Amino acid sequence: MLAGASVTDLIDKRYSCRTYADTPIAAETQRTLETFLAAHNTGPFGSTVRLALIAATEADRLALKGLGTYGFIRNPMGFIIGAMEETPERNLEDFGWILEQIVLYATGLGLGTVWLGGTFTKSRFAQLMDLHASEQVPAVIATGYPADEKHALDLFIRRRAKGDHRLPWAQLFYEAPTDENKKDAFHKPLLEDRAGRYAEVLEMVRQAPSASNKQPWRVVRDRECWHLYLQRTRGYAPRNALLGVADMQRIDMGIAMCHWELTAEELGLGGRWEQADPSFETPNDLTSYVVSWVPGEAKGQL
């Protein structure tokens, strides 16, 4: 990931930074980050993202004012923008995976970051990317050097979003029955001491950022396989669609996949993503299968 930096350390260190120092990003740091962007633009499902690091201007900062709490972001020095085709299946999961990898890399370079979700397709950010008719900008990453002291507004917003809190294991991770019972996969919480070497992988997924801190991922252990599900927040996706906002909870799933894969790789836990829906009965109509992690030899895209 980054010489001398542990993935788990980067995940622990990363936070949603909303107040930045009035210091431009060093030219060498910009070049290093841009090189990483150029080499890491394809996700596990095969979608690619056009990426750019741009220096923030006053016009860019003003463009944030209409985006709710994003208007409270103070003094970002740059933005990482991603544009991608609207149609490929699982494209937003790929987007989350790609951009979160960049977020962690930027953290290792000493930069602060914050995810921005909004109506970007007709925004100034889309203009800067010369957006094609078939493309969208699902989210933007603000970046820069964190201010020496967190602004009181940072702490207020973070408390409102419950950014310092995560759902407990018992609400996120489950253990399927060892028989062929398809009905009880979400009934038995997976205890941390039964997760073995994957305990740290699961904890890093638990620490992943998500829109409004909803943490929509659910994981079911099925013998050696791990099945990832999206449990939507009721009313969240339809409301966003009406506002022209990308489906952020699908992006959240890609972020969780990124934390999973990078942590597993660091721990020497070989594996690969596969479409292997076990057809478990889900707890409600808000929960749907996304992808499975199958231990073994790693391979290419899905």
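The values are calculated or read from the model by the stated rules, or taken from the named source; none is laboratory data. If you're wondering where the values come from, they're calculated on a predicted model, not measured in any experiment. When we count neighbours, we look across all protein chains shown, and the Cβ atoms used for this are built from the backbone with ideal geometry, even at glycine.
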Return only the number of the condition from (1) crowded, with 16+ Cβ neighbours inside 10 Å; (2) touching a Gly at 6+ places or on another chain (Cβ under 7 Å) that G270 does not satisfy.
(1)
Would you confirm whether or not the stretch 28-48 contains a residue that is among the basic types (K, R) and outside any helix (DSSP H, G or I)?
no
Evaluation of L302 against (1) assigned to a strand (DSSP E or B); (2) not assigned by TED's automatic domain parsing to the domain that holds N181 (one fails), failing number
(1)
When every residue in the stretch 9-63 that is within 12 Å of Y105 (Cα to Cα) and β-branched (V, I, T) is compared, the one surrounded by the most Cβ atoms within 10 Å (Cβ to Cβ) is I11
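Check the stretch 286-296 and report whether any residue there is assigned to a loop (DSSP other than H, G, I, E, B), over 23 Å from L99 (Cβ atoms) and either modelled with pLDDT of 95 or more or under 18 Å from the mean Cα position of the chain (by Cα) (or both). Spell out the reasoning first.
Keep residues of the stretch 286-296 that are assigned to a loop (DSSP other than H, G, I, E, B), which gives 286, 296.
Checking which are over 23 Å from L99 (Cβ atoms) leaves us with 286, 296.
Still in the list and also either modelled with pLDDT of 95 or more or under 18 Å from the mean Cα position of the chain (by Cα) (or both): 286.
Yes - at least one qualifying residue is present in the stretch 286-296.
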